[in-house]
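J.: Attaching a single structure in structure tokens format; questions to follow.
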Amino acid sequence: MGKDVIIACDFASAAQTFAFLDRFHGRKPFVKIGMELFYAEGPSIVREIKARGHQIFLDLKLHDIPNTVKKAMAVLSNLDVDICNLHAGGTIRMMQAAMEGLTRPDGTRPLLIAVTQLTSTDQESMERDLLIHEPIADVVMHYAENAKKAGLDGVVCSPLEAQKVHERCGSDFLTVTPGVRFADGDIGDQKRVMTPAEAKKIGSDYIVVGRPITASDDPVAAYERCINEFIG
Ligand code: C5P
């Protein structure tokens, strides 16, 4: 898998999602399906988007006891998704169990990446609510290294962390980065953002882009602009 732009299809229904994807007329962008759409439509939404020829990042962020995560990952593998994820906070043992669950009859498996600390968690809430007192940047790197030790393929991280993750975990350890905005765009509720061109420069492997594409008057042009800036 090479560098790519993944469109976050944060829609509430299959109808809205297909109306959006139909605008691409034969182009097949890599798409991210999150909890809202998956819980609304069930596994059929994955099968239908896959049948249309798209690659899929299924963003369900699993976090449970190792045995449960292992079994759930086996189900997701057989949905034929390309990337799935979990919370690194579930421990190395949980991540190893998840890897064991990722099997398909033909021997292939989806890529598995870990969420470190959510970007909505800050130093204050981490100390107050989770009783973790290390600097948050160190916690993120520690979780990334745990994911690497467990055999995962990479992490979801802010574009600002991608370079350091590659330094600590190796250049082949994938960094999948949301929080991408055009230089002349609205940043919305994202706090730390980067342009696709900057994300390319710091070595992100995949950028996840939602509203700059989905809320654009011309989503195809916005997608092309991301591709041009990020891949060139
Ligand atoms: O619309 P926008 O480009 O902000 O969408 C970014 C996508 O990436 C959303 O689906 C959001 O849930 C997801 N995401 C994020 N920050 C994280 C993890 C996931 O924005 N730390």
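The values are calculated or read from the model by the stated rules, or taken from the named source; none is laboratory data. Nothing here was measured: the structure is a model prediction, and the numbers come from that model. Reconstructed Cβ throughout: ideal geometry from the backbone, glycine too, with neighbour counts over all protein chains shown.
J.: So is residue 24 away from the ligand (no atom under 16 Å from the Cβ), closer than 25 Å to residue 181 by Cβ, touching a helix residue (DSSP H, G or I) at 6+ places or on another chain (Cβ under 7 Å) and not in a strand (DSSP E or B) or not?
T.: yes
J.: To continue, here is another question. Across the range 1-15, which residue is farthest from residue 175 (Cα to Cα) among those that are within 16 Å of the ligand (Cβ to nearest atom) and surrounded by 15 or more Cβ atoms within 10 Å (Cβ to Cβ)?
T.: 11
J.: I've got another one for you. If I filter the range 55-69 for residues that are more than 23 Å from residue 157 (Cβ to Cβ) and either basic (Lys, Arg) or part of a strand (DSSP E or B) (or both), do I get at least one hit?
T.: No, there is no match, as no residue in the range 55-69 is more than 23 Å from residue 157 (Cβ to Cβ) and either basic (Lys, Arg) or part of a strand (DSSP E or B) (or both).
J.: With respect to residue 6, is the statement that it is out of contact with any Gly (no Cβ under 7 Å at 6 or more places or on another chain) and either in contact (Cβ under 8 Å) with a residue 60 or more places away in the chain or at positive phi (or both) true?
T.: So residue 6 passes the test.
J.: If the Cβ limit is 7 Å and pairs must be 6+ apart or interchain, which residue in the range 61-90 that is surrounded by fewer than 17 Cβ atoms within 10 Å (Cβ to Cβ) pairs with which residue that is at pLDDT below 95?
T.: Sorted first by the residue in the range 61-90, then by its partner, the pairs are 74/103; 78/104.
J.: A further question on this structure: Looking at residue 84 and the list (1) more than 17 Å from the chain's Cα centre (by Cα); (2) modelled with pLDDT of 95 or more, which single condition is not satisfied?
T.: Only one criterion in (1) more than 17 Å from the chain's Cα centre (by Cα); (2) modelled with pLDDT of 95 or more is unmet by residue 84, namely (1).
J.: Is it the case that some residue within the range 92-115 is within 28 Å of residue 192 (Cβ to Cβ) and of a type in the set (Gly, Ala, Ser)?
T.: Within the range 92-115 (the criterion being within 28 Å of residue 192 (Cβ to Cβ) and of a type in the set (Gly, Ala, Ser)), the answer is yes, since at least one residue qualifies.
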